[in-house]
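Heads up: the structure comes next, in structure tokens.
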């Protein structure tokens with residue numbers, strides 16, 4: 001059985017990307033899925049000086065260990081001004097210092113959503129381009145634009161367009 005870790009790169013308590021990754025994780029069949037909230041792994045802004053004085057944050061060593069025990073990752077990547085959030089970038093910076101190949105042999109599906117019509121596509125594409133640097137392999141991605149036009153949160157999490165619902169279910173079950 002594949003162990004899958006799912007999380008978003010957001011530190012917002014009302015993150016639509018966290019909502020998306022939680023929903024997508026719930027669609028995965030026949031595998032153990034652990035959904036993380038990266039806010040539980042907050043750390044100081046990466047700095048070589050800080051690392052030299054204080055070392056690497058223990059909380060991120062724990063995250064690296066959790067990731068290393070998985071075979072697959074499902075990650076939702078927010079977008080701020082065309083880039084991944086600094087919170088997510090900071091997490092990647094620390095993880096890569098703890099273990100340069102912290103994604104070694106991991107199969108990864110990337111998701112992204114935003115309020116705009118492009119659905120965080122630039123951040124998603126940038127993240128996909130750097131994952132191999134850390135040993136991971138992106139096996140699929142999906143960008144969902146216009147989140148509130150496509151998703152109904154009133155009674156849980158449902159898609160207004162069943163084509164979108166089917167595409168995401170098929171994607172995550174490639175795992």
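Please enumerate the residues belonging to segment 158-172 that are out of contact with any helix residue (DSSP H, G or I) (no Cβ under 9 Å at 6 or more places or on another chain) and closer than 14 Å to residue 22 by Cα.
165
For residues in segment 101-115 being on the phi < 0 side of the Ramachandran plot and out of contact with any helix residue (DSSP H, G or I) (no Cβ under 7 Å at 6 or more places or on another chain), which is surrounded by the most Cβ atoms within 10 Å (Cβ to Cβ)?
The qualifying residue surrounded by the most Cβ atoms within 10 Å (Cβ to Cβ) is 106.
How do the pairs read when you match residues in segment 57-73 that are free of Cβ contacts under 8 Å to residues at least 40 places away in the same chain and at negative phi with residues anywhere that are buried (at least 20 other Cβ atoms within 10 Å of the Cβ) and part of a loop (DSSP other than H, G, I, E, B), using Cβ under 8 Å and keeping only pairs 6 or more apart or on different chains?
64/102; 68/102
Taking segment 22-42, which residues are surrounded by 19 or more Cβ atoms within 10 Å (Cβ to Cβ) and farther than 14 Å from residue 75 by Cα?
41
Throughout, read-outs are computed from the coordinates displayed, never taken from laboratory work. Computed from a predicted structure; not experimentally measured. Heads up, the Cβs are rebuilt from the backbone with ideal geometry, glycines too, and the neighbour counts pull from every protein chain shown.
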